[in-house]
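Visitor: Sharing a structure here in structure tokens format.
The values are calculated or read from the model by the stated rules, or taken from the named source; none is laboratory data. This one's a predicted model, so the numbers in the text were calculated from it and none came from an experiment. Here Cβ is always computed from backbone atoms with ideal geometry, including for glycine, and neighbour counts include all displayed protein chains. Each accessible area value is taken on the protein alone, full model and side chains, heavy atoms only, with ligands, DNA and RNA left out. Shrake-Rupley method; radii C 1.70, N 1.55, O 1.52, S 1.80 Å.
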Amino acid sequence: MRLKTLLFNSGIFVQNVRAVGWIFIAYLLCLLFAVPLRILMAASSREDYQRMYEFTGETLFRFSSGFQMILMFTVPVLLGIFIFRYMQVKLSADYIHSLPLKREALYHQNVIFGLGVLVIPVFLTGFILFILSGFVNAPNVLNVGTIAAWVGTTIIVIVFVFMATVFVAMFTGISVFQGVLTYILLVFPAGVTVLFFMNVNYFLRGFPVDYYLDHQVDRWLPFVRVGELTHSPFSGSDFFGFLIIAIVFYLVALFVYQRRKVEMASQAVAFRALRPVFLYGVTVCAMLLGGMYFGQTQGTFGWRLFGYIVASLIGYVVAQMILEKTWRVLGKWKGYGVFIVAMAILALLIKFDVTGYENRVPVAENVERVYFSDSAHWLSPRRQLFEHEDFYNQQHFYEDRETIERIINLHEEVVSGDRFYDQNRRFYRQAVFYYELTNGRKLVRAFPVRVEFYNNPNEIMAQVMESQEYKYNHFPVLRLEDTDKVNHIRISSYRGGQREIIITDATEIKEFHQLLQEDIKAMNHDEFNDGKSWAWIEYSLISDGRRNYLNADWKKSYKKIEAWLEARDLARQARFTAEDIAFAIIGKREVEEGIVDMRVVEVDEDFKEREGTIRIEEVEQLTVLLDQSTRSDEGEYIIAYYYNDELTRPHFESISADRAPEFILEQLN
């Protein structure tokens, strides 16, 4: 009897029913509308409902998925605010805590009542779904397994969100602030991590921000993980993680509640010792947000400094206003001055790299293998992979000892090279180095490098690019060994028009594929980025009932496949030749003028009427132009090809001065 007295008080129960009973009813009705009613509506109005998106998966979260997600993250928060509303109002706080009822018992009764309000509607909905399975023929979604998974997942999420709201309630004395802080808490781990990484990237050269952000930072956001339930059910670790965090919230909230002072009602922060934490926490987050915003949009140190100062000042003032509940805080600058000095010292420590982070390069003997690419994307564990076709999965790893040494040399050159680059992403790319060391540790660095690092490589980079490992990593067709899965190969001209062939014969597919691989393996580094291609090549593959594609270029240097196509009278069908061109107009490219700009023709001025251009009609000269021109927009001369069957819309390419034939140089210089 004593245990019952401690855990249950009828007066508190009746008060809770009056205060939040409506949430129980509203939540139950919303769940019934979101899932069972949605199933009945679809099944009764469409004969082919079993082929609908919701019915093809093995999850009930596809039904009204957005609405279900809203319910998971609003109902528990509202419930937590209303149940513990008495703590935030002075009169009710004084009254409730004056009753002969221990705080521990009061806390347990409120939490248990709240959990009942949330969990019972889910069980009732699950029971109705089970009954519904006997009337609706939807075995994929209406079976014991999927219904139990839906019930269990929904319960663990709403319990987690509810306990987060209860946890926050113990630290604040304002109900509105409780709701705001709850949502901030749910995004805080991922949000503050992103802010920190993005700002460290501005000060610490070589910091691989994309690598860290790609490694499941977004999975720390409950919103994101719950949003994935339509195609990715909770794993055992997901259930365990949400449950453990909910239990921690429960225990910490109980501990704090037993020590919270009643008079803290209506105060933004319920513990004086936490007021500085709130004040400087808001200031730091605002500072990092301002620095990141101006760093990403403007890209210069001056604008970042402006963002740090202005945003931190705003954050500090707003936090002071919240704590003091008045706007008259303009005289309290001492704390902000201390903050500025502390942040300046921290920034200098990072900038001057007291740990030697920027210059740390591993010794080749200690490297087991190395990842080297212009992106950290392929290091992400969440990248899109095909389950069976390994030739899709670009790894960019190198294990050859000679290649590893060359990549390390490239790393050393980048470290000792230029430190500043134009923030316009058109002019720089990344060099990402990821080392797996023999002692099991990892070393990751990412540097901005000029586009010439790849487009006009030095001797070491050229040797890396010409290695078979590099080509194997960059050309998926080299990783395709079995052509039995290839349904057909399509070759289509880059120059538009009806120039296309499709190879369907299995023997010819195998021959073409082998020759294409040989041409790729024979490429030198100059041919990687020269932009000189006749057409694009598309492999259509069918595996396990799915159709997938591999793409490659028919580069002008690929002589073996060109000879193979010409021997079968197919080359002319897949690309344009000089005989298909009526004439070409050539002019010098003006500063900052590219092919994209040239495609926008003025209404009253066609490109062929442009001053300072020449007209080429001879077949021999057109053949030379076609062989040397590229799809790149960086050549000094712009070429507009006018085809016999399309004289109004030219195809634009360019040619560099060092590749331009004499008849261009003589007439345009």
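Visitor: Given N residues in segment 466-593, what is Rg(Cα) / (2.2 N^0.38 Å)? Show your work: numbers first, answer last.
Guide: Details: Rg = 16.1 Å, N = 128, 2.2 N^0.38 = 13.9 Å.
My calculation over the Cα atoms of segment 466-593 gives 1.16.
Visitor: For a test of the definition: using alpha carbon positions, the gyration tensor, and the 1.5 limit on a/c, classify segment 240-283 as rounded, prolate or oblate.
Guide: In terms of gyration-tensor shape, oblate.
Visitor: Further question on the same structure: If you line up the long axis of helix 175-203 against the longest principal axis of the chain, both from Cα atoms, how many degrees apart are they, to the nearest 10?
Guide: The helix 175-203 is inclined about 30 degrees to the chain.
Visitor: Taking only Cα atoms, what is the 0 to 90° angle, nearest 10, from helix 506-521's long axis to the longest principal axis of the chain?
Guide: Compared with the principal axis, the helix lies near 90 degrees.
Visitor: Right, something else. Going highest first, how would you order 620-630, 339-349, 504-514 by mean Cβ packing within 10 Å?
Guide: 620-630, 504-514, 339-349
Visitor: By its C-alpha gyration tensor, with a ≥ b ≥ c as the square roots of the eigenvalues, how is the chain shaped: rounded for a/c under 1.5, else prolate for a/b larger than b/c, else oblate? Write down the numbers at each step before the final one.
Guide: Details: a/c = 2.45, a/b = 1.72, b/c = 1.43.
Here the chain falls in the prolate category.
Visitor: Would you rank Phe301, Phe234 by solvent-accessible area, highest first, keeping every protein chain in place and using a 1.4 Å probe?
Guide: Values: Phe301 120, Phe234 20 Å².
The residues order as Phe301, Phe234, largest area first.
Visitor: A further question on this structure: Relative contact order of the chain: what whole-number percent is it, with Cα pairs under 8 angstrom and at least 6 residues apart?
Guide: 8 percent
Visitor: If you line up the long axis of helix 65-83 against the longest principal axis of the chain, both from Cα atoms, how many degrees apart are they, to the nearest 10?
Guide: Taking the Cα atoms of the chain, the angle to 65-83 is about 30 degrees.
Visitor: Given only helices, namely DSSP H runs of n ≥ 4 each adding -39500 (n - 2.57), what is the per-residue ellipticity at 222 nm of the chain, to the nearest 500 deg cm²/dmol?
Guide: Calculated from helices alone, the mean residue ellipticity at 222 nm is -16500 deg cm²/dmol.
Visitor: Sticking with this structure for a sec: For each pair in Lys556/Lys608; Lys325/Lys351; Lys510/Lys532; Lys521/Lys608; Lys471/Lys608, compute the distance between the two Cα atoms and list the pairs where it is over 31 Å. Let's see the in-between values first.
Guide: On the way: Lys556/Lys608 27 Å; Lys325/Lys351 38 Å; Lys510/Lys532 25 Å; Lys521/Lys608 40 Å; Lys471/Lys608 41 Å.
Violating the 31 Å Cα-Cα cut-off are Lys325/Lys351; Lys521/Lys608; Lys471/Lys608.
Visitor: What shape does segment 487-558 take by its C-alpha gyration tensor, where a ≥ b ≥ c are the square roots of the eigenvalues and a/c under 1.5 counts as rounded, a/b above b/c as prolate, and the rest as oblate?
Guide: Prolate, because a/c is 1.5 or more and a/b exceeds b/c.
Visitor: To the nearest 10 square angstrom, how much accessible area does Arg429 have with a 1.4 angstrom probe?
Guide: Only protein atoms counted, so the area is about 80 Å².
Visitor: Can you work out the base-10 log of I(q)/I(0) for segment 88-210 at q = 0.10, 0.15, 0.17 1/Å, using the Debye formula on its C-alpha atoms alone?
Guide: After summing over all Cα pairs, the log10 values are -0.59, -0.88, -0.96.
Visitor: At 7 Å along Cα-to-Cβ for each site, give me the label-to-label distance between Lys332 and Arg615 in nm.
Guide: Using points 7 Å along Cα→Cβ, the separation is 8.0 nm.
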